[in-house]
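These notes are about the structure you will find just below.
The values are calculated or read from the model by the stated rules, or taken from the named source; none is laboratory data. Nothing here was measured: the structure is a model prediction, and the numbers come from that model. Neighbour counts run over all protein chains shown; Cβ positions are idealised from the backbone, glycine included.
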Amino acid sequence: MQAMTADLLENPLVQRVLMAKMKTQQHRQSLKKEDAQQKSLRLERAGIPISKCPYGVCDGNGVILNSANENESASICKCVQDRVNKARYINANIPERFKMFTVNSFDCSLYDKKNDAILACNAKEAAIAYLTHFEENAERGEGLYLHSHTKGSGKTRLAISIGNAIMASYGKDVKFVRCLDLLSKVKESYREDSEYSECQILEEICNIPVLILDEIGVGNASDSDNKILTRIIENRGTNKKITILTSNCDIDELPYDERVISKLKEQARRIKMPEESVRDKVAEQRDRDFGKQVSLLE
C-alpha cells in the first residue's frame, strides 16, 4: 500500500492535480484575506474605528474566518454592530446631556398643575404608542410635532428620547439639529469660502431617515427661510422620511408660508405638551443628586 501511494505521488498527472488543488486553496485564502481587508477599509471610510475585538472573537477587523474540513466561510463579528451603533450615536449630534434619556424615564410627576400633568402623561403615552407602531409609521413617513408655548416644558427632551429609542430598537440613523442653526448653516454656504455647499447640507438633511428639527418657528421667517424649509419638508415628505419637530407654537401659528404649514400637517402627528416649565426643577433635582453623591464621599 505504501509503495502504491509513493507511485501515485510520483505520477505526473497526480502531481498536477495536487498542485492545482493547492493553488486553489491558496487562492481562496487570498480572496478571504483581501475581502476582510476591504471590509476593514469600508469601516474606516465610514468613520467606524478598527480596534481590537472586545469579545476576543475576531482579530479586530470585524471578520471571522471559519474553516471546517473543506467547508470554508466568513462571517461578521458582533463587534462590528457595536462600532456601527457607536458611529450612529456620534453622527446623530444628540447633545451630551440628552444622550441617556429614554421615554420611560420621562417624569410626569415633575408637573405641579393637574392639567399639565395630564398633558405630560398623554404625551408620554403618545410617544410610546408611536414607537410601538414605528414600522407602520415609517412606511407612511409619519412624524411628530411636539408643541407648547412655554419654554422648558420637556419638548426637546421627549423628542430626543424618541430618537434614542428609534436608534436603539430599530437601528435607524437619526440627526438632531436646531432649526435656526440649520438655516444659518445653509446661508453660510452661500459664501465663496464656505466648506460646504447648499446642496451638500440639504442632501444630508433630506436623506437622513429620522430628522429631529428642534425649535422650528423661532424668530421671524425671511423669504430664504421659507424656501429652505419648503425644500426640506417637501423632499422629506415625498420620500417618506420621518421628521420629528418641536416648537413653541402650534402648526397654524408658524411664521411660514401656507405651503410649509400644509405639508407639516400632512406629515406630522401633533402632540400637545404642558404649559409648565420644569427646567428649573430638573436642575434642582440634579443638584440634589450631586449633593448626595458628595455627602457619601465625606
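Restricting the search to strands (runs of 3 or more DSSP E) fully inside region 69-179 and requiring at least 3 residues that are surrounded by 18 or more Cβ atoms within 10 Å (Cβ to Cβ) gives 143-147, 174-178. Return a yes/no flag: does region 178-194 have any residue that is in contact with a Leu (Cβ under 7 Å, 6 or more places away or on another chain) and under 21 Å from Ala123 (Cβ atoms). Yes; the residues of region 178-194 include at least one that is in contact with a Leu (Cβ under 7 Å, 6 or more places away or on another chain) and under 21 Å from Ala123 (Cβ atoms). Out of the residues in region 180-195 meeting the condition of being more than 22 Å from the chain's Cα centre (by Cα) and of a type outside the set (D, E, K, R), tell me which one is nearest to Gly217 (Cα to Cα). Top of the filtered list is Ser184.
For region 155-183, taking the residues that are small (Gly, Ala, Ser) and in contact with a Ser or Thr (Cβ under 9 Å, 6 or more places away or on another chain), the one that is modelled with the lowest pLDDT is identified as Ala168.
Here is the figure for region 44-61: residues that are modelled with pLDDT of 75 or more and either surrounded by 16 or more Cβ atoms within 10 Å (Cβ to Cβ) or not in a loop (DSSP other than H, G, I, E, B) (or both) total 2. When Cys77 is tested against (1) out of contact with any Gly (no Cβ under 6 Å at 6 or more places or on another chain); (2) free of Cβ contacts under 8 Å to residues at least 60 places away in the same chain, exactly one condition is not met: (1). Within region 87-110, residues that are β-branched (Val, Ile, Thr) sit with their Cβ atoms under 8 Å from residues that are surrounded by fewer than 13 Cβ atoms within 10 Å (Cβ to Cβ), at 6+ positions apart or across chains, in these pairs: Ile90/Gly47.
Look at region 257-277: where a residue is among the acidic types (Asp, Glu) and a partner is part of a helix (DSSP H, G or I), sitting 6+ places away or on another chain with Cβ atoms under 7 Å, you get Asp257/Asn226; Asp257/Thr230; Glu266/Gly237; Glu275/Asp116; Glu276/Asp116. The helices (runs of 4 or more DSSP H) found wholly in region 184-298 and carrying at least 1 residues that are crowded, with 20+ Cβ neighbours inside 10 Å and modelled with pLDDT of 90 or more occupy 198-207, 223-238, 258-267. From the list Glu125, Glu142, Glu136, the lone residue that is in contact (Cβ under 8 Å) with a residue 40 or more places away in the chain and closer than 29 Å to Val260 by Cβ is Glu142.
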